[in-house]
Amino acid sequence: MRDVFTEIWESIRRNKLRTCLTGFAVSWGIFMLIVLLGAGNGLMNAFMTGSDEFSTNTMNVGAGRTSKPYDGLKEGRRVVLDDRDVELTEGPRFEDYIDDVVATVSTSGVITYGRKHVSGSVEGNYPARQEMDRIRIRYGRFINDKDIRDRRKVVVLPEAMVENLLGEGNVASGARLGRRSFNVSGENGQVDYASIIGEYVRIGSMSWRVVGITESNRMSDDNVCYAPYTTVKTIYGKGQEIDELLFTFHGLESEEANEAFEKEYRAAINLRHRAAPDDRRALWIWNRFTQNLQMNKGRNILSTALWIIGLFTLLGGIVGVSNIMLITVKERTHEFGIRKAIGASPWSITKLILAESVTITAFFGYVGMLVGMLVCEVLDKTLGQSSMSVMDEQISMLVNPTVGLDVALEATLVLIIAGSLAGFFPARKAAQVRPIEALRAE
Amino acid sequence: MLIELKGVNKTYNNGQPLHVLKGIDLSIDSGEFVSIMGASGSGKSTLLNILGILDNYDTGEYHIDGRLIKGLSEKQAADYRNRLIGFIFQSFNLIGFKTAVENVELPLFYQGVGRSRRHQMAMEYLDRLGLADWASHYPNEMSGGQKQRVAIARALITNPKILLADEPTGALDSKTSEEVMQLLSRLNRQEGVTIIVVTHESGVANCTDKIVHIKDGIIGEIEDNREHRASMFGVNTIMK
């Protein structure tokens, strides 16, 4: 092995400039590949931020208006979900797929605490909702089974709302009201959210005890408070009606299976409400699993496209290396003739050229890869940290625009294959050199 | 017999078919010092290429030490060249970017001999040819005679059965030519190396013990030259 590398080094040393120029094309190709993949990853990561905020095997179901006449009724009729839809969903018909079912009812109102008030809505929920939406609790707890059973008047507030409620102006009012002072300014000037736990807020005309604060994230709604389903339903007298239905499911692995299930489920619910079984507007189904599936598909397509672009850029470099190796073989024909005369087998000559080609490609490729990764890191530190404001929401252009170890390994493999490919034809040509003709060549 | 050729024919088919060797019969015994003489175009180079397994022949038989050399794969031919034959060329054919000792090592490299062992052997052979001090010099730093001696060391290092020299003095002045020829005869006499020299110079041929004349692809006279009186110019020197 050492002998082979000595030979390669001798050969490369004689043609430094030419080797470097050719190598640059390879470096450039791999550099582009790495930067493209890194940027692509960053874009996809930015796009997918928040998608892990939900469990992926959940469907949200809501009612709309019918879009076609059915069973003697006109289109445009409002459909309202009710308890019997919940029973149907939980029932034996879909028990093969459906696990937990959560119904929600909601009402909107003004939430008041001290002198501050914000408008928002109160959503009656079951404890299972927390797992479905991956709701993270910052302080306190979420709704529990006891709340549901006892119809407690407790509420879980979102972080952003608490921030408003505890905002400036309320300190003074709190002090003046002679209540336990709100420790608004914490040790580092931050609002002490936890101080509101156990306190009462007014929603509409009733007081609710705050039991928890949820963490805000991009996907959450900052105006929604969670309360026990039974309490909201009792207080606001919604009767049989429900607003939304959520359930987790299992055993639907493909897009087709999901579609088939949705079709059957929609037909079942629609028929209960005398709507056409295939009326998509009468019943909205938001399937997070298929949505996720499609996102992954998009991600794969993007990544494949970037690989193809990168590989084509690299192709230019490979052709360059191949070309240089051909010239090398031409120049060294006489030398190969000598080597063959004193006993070099064709394979030993082939090996020499192939090894040289792979060495050049791999070395310069690695340089390109390192520079590419460096640029990705720089992108991460600059563009990756900035975000722009779109419709009151902070959107990052790039999130973690880097490539992983897997890509580095794949790129290494690509380089070795590329080097072999580049060296293949020149090496074959070198091996086919006939010694008497080669000896004659000068 | 070390070398036996029976009715060897060779035709080149480059457009006009050219029948170069027309039934060569030749036997050379181990330890002989033979020259093959002929004008250019006589087929002597072709014969040398066939003897050296660098080229193949059409019909006939060629045996080295009882082994039939015919229809060999490239790999097999390379192996035979490496183990059975040592080459000395007119233009030395040293590899320019390798030092003298590296050039001498090369045949052993293709035998798979280890690095230090082959270095040691190469130094030994260079020393025998009086070039130990030049071991780390590159060919372009040496004189023609030195280069040819490096080439001879390279040819000898595998301890081959046959040493094939193609116009070994063609690029040397008369004094150096004489030294090289003396070196070859010494190798032949003292070490019993079988040497075949191809030349068109009668002086060179005169240094050998047997002169094979080849003309138009046919072996002509085979002269016994143990007295070294074949050439009127070649009694004591090599005429240039």
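Listed values, structure above:
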quantity: Any helices (runs of 4 or more DSSP H) falling wholly within the stretch B:124-240 and containing at least 3 residues that are surrounded by fewer than 21 Cβ atoms within 10 Å (Cβ to Cβ) and under 19 Å from the mean Cα position of the chain (by Cα); calculated: B:144-156, B:174-191
quantity: Filter pass, residue B:177 being away from chain A (no Cβ under 14 Å) and not basic (Lys, Arg); calculated: yes
quantity: Residue within the stretch A:306-322 that is at negative phi, of a type in the set (S, T, N, Q) and not in a helix (DSSP H, G or I) present; calculated: no
quantity: Some residue of the stretch A:220-229 being at pLDDT below 90, within 30 Å of residue A:110 (Cβ to Cβ) and surrounded by 18 or more Cβ atoms within 10 Å (Cβ to Cβ); calculated: yes
quantity: Subset tally (residues that are surrounded by fewer than 16 Cβ atoms within 10 Å (Cβ to Cβ) and over 15 Å from residue A:58 (Cβ atoms)) for the stretch A:237-252; calculated: 4
quantity: Residue within the stretch A:138-152 that is more than 32 Å from the chain's Cα centre (by Cα), crowded, with 18+ Cβ neighbours inside 10 Å and part of a helix (DSSP H, G or I) present; calculated: yes
quantity: Boolean, residue A:30 is out of contact with any Ser or Thr (no Cβ under 6 Å at 6 or more places or on another chain) and among the β-branched types (Val, Ile, Thr); calculated: yes
quantity: Selected residue (criterion: surrounded by the most Cβ atoms within 10 Å (Cβ to Cβ)) from residues of the stretch A:186-200 that are modelled with pLDDT under 80 and in a loop (DSSP other than H, G, I, E, B); calculated: A:192
quantity: Hits in the stretch B:70-115 (condition: more than 8 Å from chain A (Cβ to nearest Cβ), among the β-branched types (Val, Ile, Thr), more than 13 Å from residue B:158 (Cα to Cα) and in contact with a helix residue (DSSP H, G or I) (Cβ under 7 Å, 6 or more places away or on another chain)); calculated: B:88, B:101
quantity: Sole exception among (1) outside the structural domain of residue A:324 (by TED's automatic domain parsing); (2) over 17 Å from residue A:271 (Cα atoms); (3) aromatic (Phe, Trp, Tyr) for residue A:47, by number; calculated: (1)
quantity: Any hit, the stretch A:62-69, residues being surrounded by 21 or more Cβ atoms within 10 Å (Cβ to Cβ) and either part of a loop (DSSP other than H, G, I, E, B) or modelled with pLDDT under 85 (or both); calculated: yes
quantity: Residue check, residue A:314 more than 18 Å from residue B:94 (Cα to Cα) and buried (at least 18 other Cβ atoms within 10 Å of the Cβ); calculated: yes
quantity: Residue within the stretch A:251-271 that is more than 30 Å from residue A:124 (Cβ to Cβ), within 14 Å of chain B (Cβ to nearest Cβ) and not in a helix (DSSP H, G or I) present; calculated: no
quantity: Residue in the stretch B:41-69 that is farthest from the other protein chains (Cβ to nearest Cβ), counting only those that are in a strand (DSSP E or B) and within 19 Å of the chain's Cα centre (by Cα); calculated: B:63
quantity: Test: residue in the stretch B:3-10 that is exposed (fewer than 14 other Cβ atoms within 10 Å of the Cβ) and among the polar types (S, T, N, Q); calculated: no
quantity: Residue that is nearest to the other protein chains (Cβ to nearest Cβ) [pool: residues in the stretch A:323-337 that are in a helix (DSSP H, G or I) and within 26 Å of residue B:158 (Cβ to Cβ)]; calculated: A:335
quantity: Contacts under 7 angstrom Cβ, first residue in the stretch B:41-57 being free of Cβ contacts under 8 Å to residues at least 24 places away in the same chain, partner part of a loop (DSSP other than H, G, I, E, B), 6 or more apart; calculated: B:49/B:55
quantity: Residue in the stretch A:343-368 that is nearest to the chain's Cα centre (by Cα), counting only those that are buried (at least 23 other Cβ atoms within 10 Å of the Cβ) and farther than 14 Å from residue A:5 by Cα; calculated: A:368
quantity: Which numbered condition residue A:340 fails, given (1) surrounded by 20 or more Cβ atoms within 10 Å (Cβ to Cβ); (2) away from chain B (no Cβ under 12 Å); calculated: (2)
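The values are calculated or read from the model by the stated rules, or taken from the named source; none is laboratory data. None of the values given here were measured: they were computed from a predicted structure. Neighbour counts are summed over all protein chains in view; Cβ atoms, including those assigned to glycine, are modelled from backbone coordinates with ideal geometry.
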